[in-house]
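Engineer: I am attaching a structure below and will ask some questions about it afterwards.
The values are calculated or read from the model by the stated rules, or taken from the named source; none is laboratory data. Owing to the predicted nature of the structure, the values given are computational and were not obtained by experimental measurement. Because the Cβ atoms are built from the backbone with ideal geometry, glycine has one as well, and the counts that use them run over all protein chains shown. Protein only, heavy atoms only, side chains kept; ligands, DNA and RNA dropped before computing areas. Shrake-Rupley method; radii C 1.70, N 1.55, O 1.52, S 1.80 Å.
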Amino acid sequence: MALLSQTEAQDILKKVLSFSTADECEATLNGSSGGNVRSARNSISTAGASDNVSLAVQSRFGKRTGLATCNEFDEASLKRCVQRAEEIARLAPESPEYVPLLGPQKYLASPGSFVQRTADITPDYRAQQIGASMALCDQRKLSSAAFFNDSSGFVAKRNSKGLEAYQKVSSVDFSITVRTPDGTGSGYAIANYSDLARFDAARLTRVAADKAASSVGAKALEPGKYTVILEPAAAIDLLNNMMGAMDARNADEGRSFLSKKGGGNKKGDKVFDERVTIYSDPTHPDVPDLTFAGDGRPQQKVTWVEKGVVKNLYSSRYWAQKAGIPDIPPPGGWIMEGGTQSTADLIKGTAKGILVTRLYYIRAVDPQTLLYTGLTRDGTFYIENGQIKFPVKNFRFNESPVIMLNNVEALGKPVRLSGSLVPPLKIRDFTFTSLSDAV
């Protein structure tokens, strides 16, 4: 039942709304079907599959709201779900930030968000991909741990004001860590696609295996400020944290890196290097996404940062109305523009620096300046005269993505990770504060 057609999903939602006695009612169906395989020490450790559809009913009486969920779809269960939402709404306090449900909306088409061959993945296919990856590591006498996960599903919405939405999505995710037998060398690779045709487990495994083999015998360098090349897997988390902090209300109320002293926010200000441009586009062929937000607002192409200038902030509907600002929902994925150079090209153009494969265990130090701390791992290397000279021991870093994006030396060709397009970044004066014995 997980992958309902638009007609099947909307028929259920119409029935749900027909049971409502509330002033306003909105019903949302989420369906997903998929599977996963996990391996450790070159052996499959777990395999699983999931198939589920869930219904969420939001009922409103005046400014009081109640929410109930269920995953049974006979008439009696649907009625009970609506009744529970209405009972909760009658008991709830009035919301001081109430806004009415949206009426009919127009949504863009994003046909690339769902690919049938991804939805057709079988348990045999998952086993073959992980098997090939483990075999490659066996041949090279390396040990791997990997996770393959695929999912296909849909989201459908309908409310008593006439809003109607439906879209299907699919995705494939793969990550692998490869270690040398003595545990002193480690490599990592990760990928995420909507279309299975772009997935290549063998290529990703070779990348992780090469890094593991070449990171043995790491030397210690003094902590300090270095020019670094952050591979996309190293840059994604810090950039995601920054994009997650572009909320207008937090900025207006003084809790954000985009807050201005004395009040207001930095929309329209140049905050980053002029080479930094970031936008979102749910119809982008490489990172197709849902064209509507969770509250039903349309998702469209939005420029967040253009040539270093903050162009837009997202907000809740309540805050947009209160502040009189554009009503823009937060994006799903995002696209950071880059150049045409690969990571290898960036290395060739570096006199002295550090190549970072991955950052992990990232924690906030100062949320208002987006200062974070964390560790490098799975392959950190010293670069001299355009070549990787030797592996180095891992570092703890203290750095803000805002400072990073003001210290840009070069941007490489973006690649897809976690539903976003991220370029490798060459950054000067990246701050390493201490050494780490972690591999």
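Engineer: Against the longest alpha carbon principal axis of the chain, how many degrees, from 0 to 90 and to the nearest 10, is the axis of helix 6-18 turned?
Structural biologist: Compared with the principal axis, the helix lies near 50 degrees.
Engineer: Return the carbon/sulfur percentage of the accessible area of the range 379-439, one whole number, probe 1.4 Å, all protein chains in place. All intermediate terms of the calculation are to be shown ahead of the outcome.
Structural biologist: Working: 960 of 2170 Å².
Percent of accessible area from carbon and sulfur atoms in the range 379-439: 44.
Engineer: Send over a whole-number figure in Å² for the accessible area per residue of the chain, probe 1.4 Å.
Structural biologist: Each residue of the chain exposes 44 Å² on average to a 1.4 Å probe.
Engineer: Roll a 1.4 Å probe over the protein heavy atoms and report the accessible area of residue 151 in Å², nearest 10.
Structural biologist: Counting only protein heavy atoms, the figure is 40 Å².
Engineer: Here's something else I'd like to know. Just to check I understand the Karplus step: with θ = phi - 60° and J = 6.51 cos²θ - 1.76 cosθ + 1.60, what whole-Hz values come out for the range 374-391, glycine and proline as x?
Structural biologist: x, 10, 7, 6, 6, x, 10, 9, 8, 10, 9, 6, x, 9, 6, 8, 6, x
Engineer: Counting only other residues whose beta carbon sits under 11 Å from that of residue 53, what net charge do I get with K and R as +1, D and E as -1?
Structural biologist: For residues surrounding residue 53, the net value is -3.
Engineer: Then there is this: Under a 1.4 angstrom probe, counting protein chains only, how are 138, 247 ranked by accessible area, largest first? Walk me through the intermediate numbers first.
Structural biologist: Values: 138 90, 247 30 Å².
Largest accessible area first, the list is 138, 247.
Engineer: Please give the charge dipole size of the chain, origin at the Cα centre, charges +1 on K and R Cβ atoms and -1 on D and E Cβ atoms. Round to the nearest 20 debye.
Structural biologist: Result for the chain is approximately 760 debye, rounded to the nearest 20.
Engineer: Now a separate question. Once the range 81-132 is represented by equal point scatterers at the alpha-carbon sites, with solvent omitted, what log10 I(q)/I(0) does the Debye formula produce at q = 0.14, 0.17, 0.18, 0.19 Å⁻¹?
Structural biologist: So the normalised log intensities work out to -0.74, -0.77, -0.80, -0.83.
Engineer: Right, next: Share of Cα-Cα pairs in the range 350-417 beyond 20 Å, in percent? Write down the numbers at each step before the final one.
Structural biologist: Details: 923 of 2278 pairs.
Summing the P(r) tail past 20 Å for the range 350-417 gives 41 percent.
Engineer: Compute the separation of the alpha-carbon centres of the range 85-109 and the range 228-283 and state it in Å as a whole number.
Structural biologist: Taking the Cα centre of each part, the range 85-109 and the range 228-283 sit 29 Å apart.
Engineer: Treating the angle as unsigned and between 0 and 90°, give the value, to the nearest 10°, between the Cα long axis of helix 201-214 and the longest Cα principal axis of the chain.
Structural biologist: 40
Engineer: About the Cα centre, and with charges only on the beta carbon of Lys, Arg (+1) and Asp, Glu (-1), how big is the dipole of the range 124-255? Nearest 20 debye, please.
Structural biologist: It works out to roughly 100 debye.
Engineer: Right, here's the next one. Amide H to amide H under 5 Å from residue 185: which residues, 5+ apart in sequence or cross-chain, H placed 1.01 Å off N in plane?
Structural biologist: 180
Engineer: Taking the Cα centre of the range 230-376 as origin, sum charge times position over the Cβ atoms of Lys and Arg (+1) and Asp and Glu (-1), and report the length of that vector in debye to the nearest 20.
Structural biologist: So the magnitude is around 420 debye.
Engineer: Would you mind getting the Kirkwood hydrodynamic radius of the chain from its Cα pairs, rounded to one decimal in Å?
Structural biologist: 23.9
Engineer: Going toward the positive end of the dipole of the range 202-327, with +1 on Lys and Arg Cβ and -1 on Asp and Glu Cβ, which of 278, 242, 264 do you reach last?
Structural biologist: 264
Engineer: Nearest 10 degrees is fine. How inclined is helix 75-91 to the longest principal axis of the chain, computing both from alpha carbons?
Structural biologist: On a 0 to 90 degree scale, this one is about 90.
Engineer: Further question: Starting from the Kirkwood Rh over alpha-carbon pairs, what translational D in µm² s⁻¹ does the range 4-49 have by Stokes-Einstein at 4 °C and 1.567 mPa s? Can you show the working numbers first?
Structural biologist: Values: Rh = 14.0 Å.
In µm²/s, the coefficient rounds to 93.
Engineer: In the chain, which cysteines lack any other cysteine Cβ under 4.7 Å from their own?
Structural biologist: By the Cβ distance rule, which asks for a partner under 4.7 Å, the isolated cysteines are 25, 137.
Engineer: At a 1.4 Å probe radius, carbon and sulfur cover how many percent of the accessible area of the range 91-219?
Structural biologist: Answer for the range 91-219: carbon and sulfur cover 54 percent of the accessible area.
Engineer: Cα convex hull of the range 285-439: how many Å³ per residue?
Structural biologist: Spread over its residues, the Cα hull of the range 285-439 gives 137 Å³ apiece.
Engineer: Here's something else I'd like to know. What is the distance in Å between the Cα centres of the range 362-439 and the range 309-353?
Structural biologist: Taking the Cα centre of each part, the range 362-439 and the range 309-353 sit 18 Å apart.
Engineer: Work out the FRET efficiency for residue 433 and residue 127 from their Cβ-Cβ distance, taking R0 = 41 Å, and round it to the nearest 0.05.
Structural biologist: Computed FRET efficiency for residue 433 and residue 127: 0.40.
Engineer: Further, regarding this structure: Who wins for biggest fluctuation among 47, 156, 248 in a Gaussian network model of the chain, springs between alpha carbons below 10 Å?
Structural biologist: In the Gaussian network model the winner is 47.
Engineer: Let me ask something else. Please list the non-local residues whose amide H lies under 5 Å from the amide H of residue 115, H modeled 1.01 Å from N, same-chain partners needing a gap of 5 or more.
Structural biologist: Amide H neighbours of residue 115, under 5 Å, 5+ apart: 170.
Engineer: Can you tell which of 321, 139, 299 shows the greatest fluctuation in a Gaussian network model of the chain with Cα springs below 10 Å?
Structural biologist: Maximum fluctuation in the GNM of the chain, among the listed residues, is at 139.
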